[in-house]
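Below: one structure in structure tokens.
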Amino acid sequence: MSTKNASPMKYIVIMTLLIAVLLAAIVMLNNKAKPKDEALESHPSTENQPTIGEEDAPVSIVEFGDFKCPACKAWGEQIYPKVKGEFIDTGKANLTYVNVLFHGEESILAAQAAESVFKHDPDSYWEFQKELYKEQPEGGNHEAAWVTVDKLVEVAEKTTDVDIEQLKKDVEGEAAKDQLNIDTNLVEKFSVEQTPTIIINGTKLEDPYDYERIRSIIEEGQK
Ligand code: CA
């Protein structure tokens, strides 16, 4: 083989390698930039779940939340008001809340109270829910106990017309058991491992705080 022939061959090999490296770099950069949202096979059922917004809105957002979770409180304060103003109040989307019981007895108590309010005074549900999240202690030790029957009664008295004796009975008893089983089944079916988990029209968000991403999925759902 003469050097004359070898040179272009070498050149081709080097160029091919360079192009391969460049392509790999582009793919890597792309993967980094794009959130790894998960396209699910189906969207969670919102039947018999508290839903805010128009029932026939083209986009359904499902929030899996736990009253004991600080990240859920943060989502409710930072992202929810924007979603509500831009998409729920305008009829473009509705939002459904599903209870997650990752933090033990207090999660269960809070969820039982919320289910009781939803059953007996559904119009007050969202106000109760938001007010209850507000009671979660700011920063510091979020594991500190704060969900008590007295606290739930206090929040219900402030935000709902439910009969307080009924509420107490529901919170201390098992009235919400079936509803909480439905929620827990959804948590398992949709592999919810962290809270909040946000699913929009069958897409599970990798980053529930990425408002631009939320906006683009909701806009996509209007078509
Ligand atoms: Ca529920």
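Output the qualifying pairs, or none if there are none: Cβ atoms under 6 angstrom, residues six or more apart or on different chains, first residue in the range 175-203 and open to solvent by 10 Å² or more (accessible area, probe 1.4 Å), second residue β-branched (Val, Ile, Thr) and more than 11 Å from the ligand (Cβ to nearest atom).
Asn201/Val59; Thr203/Ile217
Go through (1) touching a Gly at 6+ places or on another chain (Cβ under 7 Å); (2) open to solvent by less than 10 Å² (accessible area, probe 1.4 Å) one by one and return the number of the condition Pro58 breaks.
Here Pro58 meets the rest and fails (2).
Right, something else. Can you pull out every residue in the range 123-135 that is open to solvent by less than 10 Å² (accessible area, probe 1.4 Å) and away from the ligand (no atom under 13 Å from the Cβ)?
Listed by number, the residues that qualify are Phe128, Leu132.
May I ask you to list the residues in the range 140-158 that are open to solvent by less than 50 Å² (accessible area, probe 1.4 Å) and touching a residue at least 12 places away in the same chain (Cβ under 8 Å)?
Once the filter is applied, which keeps residues that are open to solvent by less than 50 Å² (accessible area, probe 1.4 Å) and touching a residue at least 12 places away in the same chain (Cβ under 8 Å), the range 140-158 yields Trp146, Val147, Val149, Lys151, Leu152, Val153, Val155, Ala156.
Now, a different point. Checking Val171 against (1) touching a residue at least 60 places away in the same chain (Cβ under 8 Å); (2) in a loop (DSSP other than H, G, I, E, B), only one condition comes out false. Which one?
So Val171 meets the others, but not (2).
Also, I was wondering about something else. Listed residues Glu138, Glu193, Glu212, Glu143; which is away from the ligand (no atom under 16 Å from the Cβ) and assigned to a helix (DSSP H, G or I)?
After applying the criteria, what remains is Glu212.
Let me ask another. Report every pair of residues separated by at least 6 positions or lying on different chains whose Cβ atoms are under 8 Å apart, first residue within the range 42-60 and over 19 Å from Gln129 (Cα atoms) and in contact (Cβ under 8 Å) with a residue 60 or more places away in the chain, second open to solvent by 100 Å² or more (accessible area, probe 1.4 Å) and within 15 Å of the ligand (Cβ to nearest atom).
Final answer for the pair search is Pro44/Lys189.
Confirm whether Gly85 is farther than 26 Å from Ile214 by Cβ and away from the ligand (no atom under 13 Å from the Cβ).
No.
A further question on this structure: Quick one: how many residues across the range 87-122 are surrounded by fewer than 16 Cβ atoms within 10 Å (Cβ to Cβ) and outside any loop (DSSP other than H, G, I, E, B)?
Number of matching residues: 2.
The values are calculated or read from the model by the stated rules, or taken from the named source; none is laboratory data. Here the structure is a predicted model, which is why all the values come from computation and not from measurement. Cβ sites come from the backbone with ideal geometry, for glycine too, and all protein chains shown count toward neighbours. Accessible surface areas use protein heavy atoms only, side chains included; no ligands, DNA or RNA. Shrake-Rupley method; radii C 1.70, N 1.55, O 1.52, S 1.80 Å.
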